[in-house]
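Asker: The structure's right below; bear with me while I get my questions together.
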Amino acid sequence: METKSSCVLLADRHHGLRDGVRGLLETEFETVFMVADEASLLEGAGRLQPSVVVIDASLSAGDLRGLLERVTARAPHSKVLLLSVHDEPTVAQSALGAGANAVVLKRSLATDLMPALDALRAGERYLSPGIAR
């Protein structure tokens, strides 16, 4: 039997999506902490030092690179998984360059979240297959 990782921090302002993602994450992590804004995300990342930080790209308020850099500065050992509606490769590459370890398309969440978490555990990066190459 596999053991669950300690904790994950989920940052998403959309209540319905956050609850759905939380249900998936609870199968993989002992504790799922949820926040709905950037200030809480940054505070939680710094305090909790979670195994994984899952961030909805819409929290970035137009500064995705800055948000990812702030999160990775506060939780340098955490893996960062970005949830995005954008399937353009430039968005994914920018996210990876700013510190994200994985980019999962929201429309593919049900099929791509678990493979992304597996990749992160293996020390690999992950991009949803639907992201244009």
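Asker: Can you name every residue in region 50-109 that is more than 20 Å from residue 124 (Cβ to Cβ), aliphatic (A, V, I, L, M) and under 10 Å from the mean Cα position of the chain (by Cα)?
Answerer: Listed by number, the list holds a single entry, 57.
Asker: Between residues in region 62-74 that are open to solvent by 80 Å² or more (accessible area, probe 1.4 Å) and residues that are at pLDDT 95 or above and outside any loop (DSSP other than H, G, I, E, B), which pairs lie under 8 Å by C-beta distance while being six or more apart or on different chains?
Answerer: 74/42; 74/45; 74/46
Asker: Let me ask you something else. Which residue pairs have Cβ atoms under 8 Å apart, sit 6 or more places apart or on different chains, and have a first residue in region 36-59 that is touching a residue at least 40 places away in the same chain (Cβ under 8 Å) and a second that is of a type in the set (Val, Ile, Thr) and in a helix (DSSP H, G or I)?
Answerer: Going by the 8 Å Cβ cut-off, the qualifying pairs are 53/71; 54/21; 55/71.
Asker: Of the residues that sit in region 101-121 and are free of Cβ contacts under 8 Å to residues at least 40 places away in the same chain and under 27 Å from residue 47 (Cβ atoms), which one is most open to solvent (accessible area, probe 1.4 Å)?
Answerer: Checking each candidate, the answer is 118.
Asker: How many residues are part of a helix (DSSP H, G or I), over 20 Å from residue 72 (Cβ atoms) and not small (Gly, Ala, Ser) if we restrict to region 1-46? Give the derivation first.
Answerer: Looking only at region 1-46, we keep the residues that are part of a helix (DSSP H, G or I), and these are 15-25, 38-46.
Okay, now just the ones that are also over 20 Å from residue 72 (Cβ atoms), so 15-24.
The next check asks that each one be not small (Gly, Ala, Ser); those that pass are 15, 17-19, 21-22, 24.
The total comes to 7.
Asker: Follow-up question, since we're still on this one. Would it be correct to say that residue 79 is within 19 Å of residue 47 (Cα to Cα), touching a strand residue (DSSP E or B) at 6+ places or on another chain (Cβ under 7 Å) and open to solvent by 30 Å² or more (accessible area, probe 1.4 Å)?
Answerer: On the way: within 19 Å of residue 47 (Cα to Cα): yes; touching a strand residue (DSSP E or B) at 6+ places or on another chain (Cβ under 7 Å): yes; open to solvent by 30 Å² or more (accessible area, probe 1.4 Å): yes.
Considered against the rule, which asks whether it is within 19 Å of residue 47 (Cα to Cα), touching a strand residue (DSSP E or B) at 6+ places or on another chain (Cβ under 7 Å) and open to solvent by 30 Å² or more (accessible area, probe 1.4 Å), residue 79 comes out as yes.
Asker: For region 91-100, how many residues are open to solvent by 10 Å² or more (accessible area, probe 1.4 Å) and touching an Asp or Glu at 6+ places or on another chain (Cβ under 9 Å)?
Answerer: Within region 91-100, the first condition is being open to solvent by 10 Å² or more (accessible area, probe 1.4 Å), and the residues that meet it are 91, 93-94, 96-97, 99.
Filter once more, keeping what is touching an Asp or Glu at 6+ places or on another chain (Cβ under 9 Å): 99.
Number satisfying all stated conditions: 1.
Asker: If you take just the strands (runs of 3 or more DSSP E) that sit entirely in region 47-120, which of them hold at least 1 residues that are not hydrophobic (A, V, I, L, M, F, W, C)?
Answerer: Numbers: elements: 52-56, 79-84, 102-105.
So the answer is 52-56, 79-84.
Asker: So, in region 10-25, how many residues would count as being within 12 Å of the chain's Cα centre (by Cα) and among the aliphatic types (A, V, I, L, M)?
Answerer: Looking only at that region, the number is 4.
The values are calculated or read from the model by the stated rules, or taken from the named source; none is laboratory data. Note that the coordinates shown come from a computational prediction; the quantities given were computed from them, not determined experimentally. All Cβ positions, glycine included, derive from the backbone under ideal geometry; neighbour counts span all protein chains shown. Heavy atoms of the whole protein, side chains included, go into the accessibility calculation; ligands, DNA and RNA do not. Shrake-Rupley method; radii C 1.70, N 1.55, O 1.52, S 1.80 Å.
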